[in-house]
Amino acid sequence: MSSPLMPPLALLVIVAGALMTAPARAVPSFSDQTGQACSACHVGSFGPQLNAHGRAFKLTGYADGQADRQFPLVSGMAELSLTHTAQGQDGGAAPGFGANDDVAVDQVSVFVAGRIYDHLGVFSQTTWDGVGHHISWDNTDVRYGREATLAGLESILGLSVNNSPTVSDPYNTTPAWGFPYAAAKLAPHPAASTLIEGGLAQRVVGMTAYGLFSDLVYVEFGGYRSLGGGPLNTLGVGIADGQVVNGTAPYGRVALQYEDLQHSAALGAFGLSAHVFPNNDRSASTDRYTDVGLDASYQWHPNRNHTLGANATAILETRSLPASVALGLADTPSGHLNSYRLNTYYYFQQTYGLTAGVFRSTGSGDATLYGSDPLAGSVNGKPNSSGYILQADWTPFGKTESWMAPWANLRLALQYTGYTQFNGATSNYDGAGRNASDNNTLWLLTWLAF
């Protein structure tokens, strides 16, 4: 093992700042750096779903691999899709698109990802949104991590500078990297979500310190602060259409994990507490959100042909909304919102995959916060939604012997999302006659990485 951690903190912050002026997915530059196929780190040879080796690579700063490589490489990604909903969306699924059966380039991303220096690496994504037609920074994580011996325990210690709570997490149970790893942008989605489920993504910058001790206990703590309007506008993120943190929002994460040659499992908790200005309106006080998550995961990989696993997450949010009430954005000064997700998956030969998941959200009703509106609203003012997701995918590349490895990567996926409840009701949920099942979505995805 190497010597105790001595992070070059100044260099870490400088690199993070440089990236800020300019979901970790399977990035070909990582594969080129390590000399290993994407399947060495990723379940199914593609996407953000990590195995034990992939988690270790992330925790040690994205820096393993060729010692003479001093700068990160550039990779690209594109998502092309066809979206069909059970009933069309009057007025079009989005500006410039039809009511149904829409073909789109969902997004095109450029990654700067790889080793910068000893124990220091970066994962940085910039994305063109093909539905919203704009460019913005996306998930970014600059980290320093290394093996060390602490109080006689073999450990990995590190620091992460990132732009979204849970982006730094090594498990596929937290919101930034949880299933579904890609979803239809041109389909209706439930209106309610907890703050930690993307409410602060790309709107904040934070630093967290983490440690994995005896390959058993994972701990991470840090805090996040909002960026100002000028930097956010430069980065392609509007400040007036989301939550703005007042001060620092603390974040914490703990997990127990077990790994051997055929099994890996983890059981943990994570949380965030934030005082926010709703829609950046500072004329009232602040709202407060406290999110506590519980998660569990399991993988069984008896040989190279089979991988079977499951992920479960529950997020419990309590909120106090004096600012929103004063501004007329909510009726009740306090409430709660809970989110639950469970999925199981199977991959054969790291090529053919099946995933089945269920989801549910329940919470306090509020006629203003969850108002009536055609398609996107709730006639009864409740946030409750539930349903299931079924996905089959084929990933022909990403193995050592693959054509043009590691720079040619492809996943074809067929995903079906069914709703049993949407925005508080099963039928006529929006007050305009639309049923939850009208939003059932069949989505065909072509996902490229190069």
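The values are calculated or read from the model by the stated rules, or taken from the named source; none is laboratory data. Just so it is clear, the model here is predicted, and its values are computed rather than measured. For neighbour counting, all protein chains shown are included, and Cβ atoms are generated from backbone atoms with ideal geometry for every residue, glycine included. All accessible areas refer to the heavy atoms of the entire protein, side chains included, with ligands and DNA or RNA removed. Shrake-Rupley method; radii C 1.70, N 1.55, O 1.52, S 1.80 Å.
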Go through (1) open to solvent by 50 Å² or more (accessible area, probe 1.4 Å); (2) farther than 30 Å from residue 41 by Cα for residue 349 and report which single condition fails.
(2)
Check whether at least one residue in segment 286-301 is among the hydroxyl-bearing types (Ser, Thr, Tyr), open to solvent by less than 60 Å² (accessible area, probe 1.4 Å) and in a loop (DSSP other than H, G, I, E, B), and report yes or no.
yes
Return the pairs, sorted by first residue and then second, in which the second residue is hydroxyl-bearing (Ser, Thr, Tyr) and open to solvent by 40 Å² or more (accessible area, probe 1.4 Å), the first residue lies in segment 221-234 and is more than 11 Å from residue 272 (Cβ to Cβ), the beta carbons are less than 7 Å apart, and the residues are 6+ apart or on different chains.
225/248; 234/21
With the checklist (1) under 23 Å from the mean Cα position of the chain (by Cα); (2) at pLDDT 95 or above; (3) outside any strand (DSSP E or B) in hand, flag the one item residue 307 doesn't pass.
(3)
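Quick grid of which residues meet (1) within 22 Å of residue 319 (Cβ to Cβ); (2) among the acidic types (Asp, Glu); (3) modelled with pLDDT of 95 or more:
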residue: 195; (1), (2), (3): yes, no, yes
residue: 200; (1), (2), (3): yes, no, yes
residue: 206; (1), (2), (3): yes, no, yes
residue: 216; (1), (2), (3): no, no, yes
residue: 229; (1), (2), (3): no, no, no
residue: 237; (1), (2), (3): no, no, no
residue: 240; (1), (2), (3): yes, no, no
residue: 262; (1), (2), (3): no, no, yes
residue: 266; (1), (2), (3): no, no, yes
Close pairs (7 angstrom Cβ cut-off, 6 or more residues apart or separate chains): small (Gly, Ala, Ser) in segment 253-267, open to solvent by less than 60 Å² (accessible area, probe 1.4 Å) and modelled with pLDDT under 95 anywhere:
264/52
Would you check which residues across segment 141-165 are buried (at least 24 other Cβ atoms within 10 Å of the Cβ) and hydroxyl-bearing (Ser, Thr, Tyr) and list them?
144, 160, 164
Just one listed residue, out of 111, 123, 179, is under 20 Å from the mean Cα position of the chain (by Cα), crowded, with 20+ Cβ neighbours inside 10 Å and farther than 27 Å from residue 250 by Cα, and it is 111
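Conditions tested, residue by residue: (1) farther than 19 Å from residue 346 by Cβ; (2) open to solvent by less than 20 Å² (accessible area, probe 1.4 Å).
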| site | (1), (2) |
| --- | --- |
| 360 | yes, no |
| 368 | yes, no |
| 382 | yes, no |
| 413 | no, yes |
| 416 | no, no |
| 420 | yes, no |
| 423 | yes, yes |
| 433 | yes, no |
| 436 | yes, yes |
In segment 324-345, how many residues are open to solvent by 30 Å² or more (accessible area, probe 1.4 Å) and either out of contact with any strand residue (DSSP E or B) (no Cβ under 8 Å at 6 or more places or on another chain) or more than 29 Å from residue 301 (Cβ to Cβ) (or both)?
10
What number goes with the only condition from (1) aliphatic (A, V, I, L, M); (2) over 11 Å from the mean Cα position of the chain (by Cα); (3) closer than 21 Å to residue 272 by Cβ that residue 167 does not pass?
(2)
Would you check if there is a residue in segment 128-140 being buried (at least 21 other Cβ atoms within 10 Å of the Cβ) and among the charged types (D, E, K, R)?
yes
